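The values are calculated or read from the model by the stated rules, or taken from the named source; none is laboratory data. Here the structure is a predicted model, which is why all the values come from computation and not from measurement. When we count neighbours, we look across all protein chains shown, and the Cβ atoms used for this are built from the backbone with ideal geometry, even at glycine. All accessible areas refer to the heavy atoms of the entire protein, side chains included, with ligands and DNA or RNA removed. Shrake-Rupley method; radii C 1.70, N 1.55, O 1.52, S 1.80 Å.
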Amino acid sequence: MAKPQKKSDKKEKSGELIVAQNRSASYHYHLLERYEAGMVLHGTEVKALREGKANIRDAYVDVEVNAAWLENAHIAQYMPGGPWNHEPLGRRKLLLHKGELRKLAGHTQAKGLTVIPLRIYFRNGIAKCEIALAKGKKDYDRRQDARDREARREAEEALYRSRRR
């Protein structure tokens, strides 16, 4: 008799292995548009990512007309890498279509818009980065979101209690 397989909390349905997530992004920003970008990785960066040693909490994307760069993303060094290790906070090129680059470059020049990474993951063995065009939230926006969440939770709880009777 075969043992049932455990579901890994890092895997999604489509065979994606999530390496790093920016959970605070939706708290600090209004996420306007999402894009998927490939990543140019060198040397031991891939092995370090496969071990899950990445942090994108303070990272951002610098968009130019011909290229997008992932800045301030920390990928820890791969210990068996020895002298061929990579820089943990180095710039990493993101691969996007030319039209997407032009669109993002135009939007980021507007006041208050930035591009932030949401998560780094592997899809079919290839490293990808999900990025989003975002606008910073003000304090009153965050308070309003908290009130909306509380109201939604109370409504769901009331519906649940009314069904139980």
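Reported count of residues in region 49-68, each being surrounded by 14 or more Cβ atoms within 10 Å (Cβ to Cβ) and closer than 14 Å to GLY125 by Cα, is 2. Within region 91-102, the set of residues being in contact (Cβ under 8 Å) with a residue 12 or more places away in the chain and part of a loop (DSSP other than H, G, I, E, B) comprises ARG91, LEU96. I need every pair where a residue in region 103-119 that is touching a residue at least 12 places away in the same chain (Cβ under 8 Å) has its Cβ under 8 Å from the Cβ of a residue that is in a helix (DSSP H, G or I) and among the aliphatic types (A, V, I, L, M), sequence separation at least 6 or different chains. Once the first residue is touching a residue at least 12 places away in the same chain (Cβ under 8 Å) and sits in region 103-119, its partners that are in a helix (DSSP H, G or I) and among the aliphatic types (A, V, I, L, M) give VAL115/LEU104; ILE116/ALA25; LEU118/ALA25. Among the residues of region 15-30, the ones that are modelled with pLDDT under 90, of a type in the set (S, T, N, Q) and in contact with a strand residue (DSSP E or B) (Cβ under 7 Å, 6 or more places away or on another chain) come to 0 in all. Against the list (1) touching a residue at least 60 places away in the same chain (Cβ under 8 Å); (2) on the phi > 0 side of the Ramachandran plot; (3) touching a helix residue (DSSP H, G or I) at 6+ places or on another chain (Cβ under 8 Å); (4) not hydroxyl-bearing (Ser, Thr, Tyr), the condition ASN124 fails is (3). The set of residues in region 112-160 being of a type outside the set (Lys, Arg), open to solvent by 50 Å² or more (accessible area, probe 1.4 Å) and more than 26 Å from ILE56 (Cβ to Cβ) consists of TYR140, GLN144, ASP148, GLU150, ALA151, GLU154, ALA155, GLU156, GLU157, LEU159, TYR160.
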